[in-house]
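This report refers to the structure that appears directly beneath it.
Each reported figure results from applying straightforward, stated rules to the coordinates on display, with no laboratory input. These numbers come from a predicted model, not from an experiment. Glycine also receives a Cβ, built like all others from the backbone with ideal geometry; neighbour counts cover every protein chain displayed.
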Amino acid sequence: RELVQEIDQATITTKEDLELFRMRFISRKGVLTELFDNLKTVAAEDRRAVGKELNDLKNKALARFQDSSEALEASGAGHQGPAVDLTLPNVPGLTGTQHPLSIVRQRIIQIFERIGFNVSDGPEIESDWYNFGALNFPDNHPARDMQDTFFVQKSAENQSADMLLRTHTSNVQIRLMEHRSKEETFRPIRSIMPGRVYRNETISARAHCQFHQVEGLYVDRNVGFRDLKDTLYHFVKEMFTKDTKIRFRPSYFPFTEPSAEIDISCQICHGSGCNICKHSGWVEIAGSGMVDPQVLINSGIDAEEYTGFAFGMGIERITMLKYEVRDLRLYFENDVRFLKQFEGL
Ligand code: PHE
């Protein structure tokens with residue numbers, strides 16, 4: 001009877017009270033367990049009655065526990081800090097939106113997939129050989145300074161074994177060609193390779209130490225410069241508008257010969273001149289060229305039989321032109337006010 005009273009009168013206003021109550025009446029180490037154990041010492045004729053009484057007590061304790069814990073939940077006292085004010089308006093559900101770089105990467109992939117390119121991938125931490133050596137950058141050659149490099153580990157004997165953060169996605173070209181060259185019969189390569197790249201540059205509105213590229217590679221018999229041109233013309237018109245102008249400007253890369261940079265008419269000022277195109281009306285979007293035969297040889301491909309073209313472009317730059325993003329740093333700050341503007345694209 002005392003216990004009945006105790007169960008009824010226990011004050012349960014906090015989580016701690018509730019726990020104490022549980023320990024005393026409900027847990028296996030509580031008073032009731034002990035009483036149930038003592039049941040065997042009760043005279044046989046009384047056992048039924050006593051047992052029933054104990055069961056009632058137990059149910060009462062369970063009911064009180066249940067009620068109290070529900071009451072606690074509802075009042076919010078079970079949480080840390082102040083009780084929840086149920087009169088406050090609901091916080092609207094915040095769902096994420098796709099990052100502009102993801103939107104553009106997916107669009108690039110879609111455009112190229114429709115003309116028969118697949119997607120390949122490769123490591124971001126790479127050896128000097130795949131990032132430079134195989135691509136015709138001679139050891140200690142100043143051409144390497146075109147891309148300021150973050151080194152991860154320097155090798156004492158052999159520069160090719162240095163480990164670095166890849167400065168471009170061209171490492172995937174080499175890995176893909178090497179892989180294909182080991183197959184019994186050569187299958188033509190038509191692939192794009194999106195990925196993150198790193199350069200040791202001072203961060204500003206126009207440069208960052210990390211950014212994204214998409215590399216493209218096409219290797220088969222009789223691949224010519226006009227295939228490169230056709231492919232990139234098609235891409236630019238799909239990505240931007242049908243009347244976007246394109247020009248190829250002679251350039252130099254150690255791994256392509258001939259090489260060209262690709263400019264398009266400025267998408268922001270439409271040719272009338274702005275600070276993005278530096279009032280020239282043109283913006284560079286990609287490097288490209290015919291794969292240097294030595295690079296094919298370095299990757300195990302028969303350079304007498306096969307030719308190829310390659311190109312590489314920056315996803316940030318394309319996104320900037322497409323959506324008029326004027327500062328590269330915005331891409332990595334994850335400010336929701338920026339990201340929200342791309343909702344639903
Ligand atoms: N890898 C070059 C760069 O990052 C771009 C490029 C790729 C040029 C393929 C030609 C062919 O600057």
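Structure data summary
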read-out	value
q = 0.09, 0.13, 0.14 Å⁻¹, the stretch 80-235: log10 I(q)/I(0) [Debye, one scatterer per Cα]	-0.43, -0.75, -0.84
Modelled FRET efficiency - R0 35 Å, residue 67 with residue 41, Cβ distances, 0.05 increments	0.60
Estimated 222 nm signal from helices in the chain, with DSSP H stretches of n ≥ 4 weighted -39500 (n - 2.57), rounded to 500	-10500 deg cm²/dmol
Cα point-scatterer Debye curve for the stretch 263-316, base-10 log of I(q)/I(0) at q = 0.14 Å⁻¹	-0.54
Expected-Rg normalisation [2.2 N^0.38 Å, Cα atoms] applied to the chain	1.71
Globularity index of the stretch 209-334, i.e. its alpha-carbon radius of gyration over 2.2 N^0.38 Å	1.16
Lys/Arg +1, Asp/Glu -1 at C-beta; the chain dipole; positive extreme among 134, 158, 309	309
Check: the stretch 223-287 dipole with +1 on Lys, Arg Cβ and -1 on Asp, Glu Cβ, in debye	200 debye
Full-stretch length increase - residue 150, residue 201 - with 0.36 nm per residue and alpha-carbon distance subtracted	17.4 nm
Å³ per residue enclosed by the Cα convex hull of the stretch 33-78	48 Å³
Built amide H within the under 5 Å cut-off of residue 210, gap 5+	199
Within a Gaussian network of the chain (alpha carbon springs, distance under 10 Å), most fluctuating of 192, 264, 12	12
Relative pair counts by distance (%), Cα atoms of the stretch 1-69, 10 Å bins	20, 50, 23, 7, 0
For the chain, built as a Gaussian network whose Cα springs stay under 10 Å, the top-fluctuating residue of 47, 175, 190	47
Flagged links, alpha-carbon separation over 27 Å, of 29/60; 245/340; 245/278; 15/58; 182/229	245/340; 182/229
Order by protection proxy (mean Cβ within 10 Å, highest first), peptides 158-166, 112-120	158-166, 112-120
